[in-house]
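Following: one structure in structure tokens, then a few remarks.
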Amino acid sequence: MKLIKISTVLIAVTVLFSCKNENKPKEENTTTSKQEIVNVKGEEVIYASDSTNLKGYISFDENKKGKRPGVIIVHEWWGHNDYVRKRADMLAELGYTAIAIDMYGDGKQANHPSDAGKFAQSVMSNLPVAKARFKAALDLLKKHESVSADKIAAIGYCFGGSVALTMANTGEDLDAVAAFHSGVQLPVMPNEELKARVLVCNGAEDPFISPESVKAFTSALDSLGKKYEYVSYPGAKHSFTSKEADANGEKFKLPLAYNAEADQKSWESLQQLLKDVFTN
């Protein structure tokens, strides 16, 4: 079954460029409404895969009672930075427990695209290592006191989107997976092992996206009868969800640009996806 919203057909190829490299932990954010007080708590966590230490960030609403779905967030090719932590906080405000994970080890970050590309390629070219690091974060999230272990989703941005999709395609126990300005020419393409419902949100003007990769990806999902949604936003370029995209594009001479409309619409699509899979 397919749910396709394609304004223009294009999608990202593999490991791609993204947002600004920062790392300023957000410890707590409190929001007040007429009905309730949301108290978002962010915690840095250290976990491990084999001999590699991994540095993550878990965010959840301390005032919310009972267990809730958990969401894994995979960083851009810059590494685990403030951007991915911000998204974790945003999901916590919506009532989920989110973990921004570390795919490079020791919280390693890149300050230049050449280094980021090397880091990302080292993960995408070594599937057993990638799976082990993802699984370590998945296990940590499931054990969190606020999480319903049988209700888990994964999302990712750019490189992180490719990772999240690949992990879903290897059969990881995920209810949903979402990728933003992400490649779909993956180490493991959609197959019978895929359990998750799929959402991909990309920019129609993203020069890193090839029509061929879109066709291969969506055709694979169609042949399997999987439920998915692929959205291509008119006028949106690569890294459209990052407010740092314009500055990074200018600094590194890359075709990156923030697009407020696409950012908002893709976030709304994610919220609908999570609502659908966790309330049905």
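The values are calculated or read from the model by the stated rules, or taken from the named source; none is laboratory data. Since the structure is predicted, the reported quantities are computational estimates derived from the model, not experimental observations. Note: ideal-geometry Cβ built from the backbone for every residue, glycine included; neighbour counts use all protein chains shown. Accessible surface is based on the protein model in full, side chains and every heavy atom, while ligands, DNA and RNA are left aside. Shrake-Rupley method; radii C 1.70, N 1.55, O 1.52, S 1.80 Å.
Decide, for region 185-280, between rounded, prolate and oblate: order the square roots of the alpha carbon gyration tensor eigenvalues as a ≥ b ≥ c, take rounded if a/c falls under 1.5, and otherwise choose prolate if a/b is larger than b/c, else oblate. Oblate shape, in that a/c is at least 1.5 and b/c is the bigger or equal ratio. When only the Cβ of Lys, Arg, Asp and Glu is charged (+1, +1, -1, -1), the dipole of region 191-280 relative to its Cα centre reaches about 140 debye.
When DSSP beta bridges are restricted to pairs lying wholly in the chain, around 40% turn out antiparallel. Between residue 223 and residue 121, the modelled label-to-label distance comes to 2.9 nm, taking each label 7 Å out from Cα in the direction of the beta carbon.
From helices alone, the chain scores -10500 deg cm²/dmol at 222 nm; the rule is -39500 (n - 2.57) for each run of n ≥ 4 DSSP H residues, then divide by the residue total. Sorted largest first, the spans of the alpha carbon positions of the chain along the three principal axes are 46, 43, 42 Å. Using a cutoff of 8 angstrom between alpha carbon atoms and counting only pairs six or more residues apart, the relative contact order for region 86-155 works out to 26 percent. With contacts taken as Cα pairs under 8 Å and at least 6 residues apart, the chain reaches a relative contact order of 23 percent. About the centre of its Cα atoms, the chain shows a dipole size close to 260 debye [charges on the beta carbon of Lys, Arg (+1) and Asp, Glu (-1) only; nearest 20 debye]. For the chain, the solvent-accessible area works out to 42 Å² per residue, with a probe of 1.4 Å and every protein chain left in place. For residue 98, neighbours were defined as the other residues whose beta-carbon sits under 9 Å from its Cβ, and their charges (Lys and Arg +1, Asp and Glu -1) total 0. In this calculation the C-beta distance from residue 112 to residue 276 is compared with R0 = 41 Å, giving a FRET efficiency of 0.55.
If both residues of a DSSP beta bridge must be in region 55-153, then about 35% of such bridges are antiparallel. Computed extension gain for residue 252 through residue 132, at 0.36 nm per residue and net of the alpha carbon distance, reaches 40.0 nm. Could you look at region 132-196 and say what percent of its accessible area is carbon and sulfur, using a 1.4 Å probe and all protein chains? Reported share for carbon and sulfur atoms: 44 percent.
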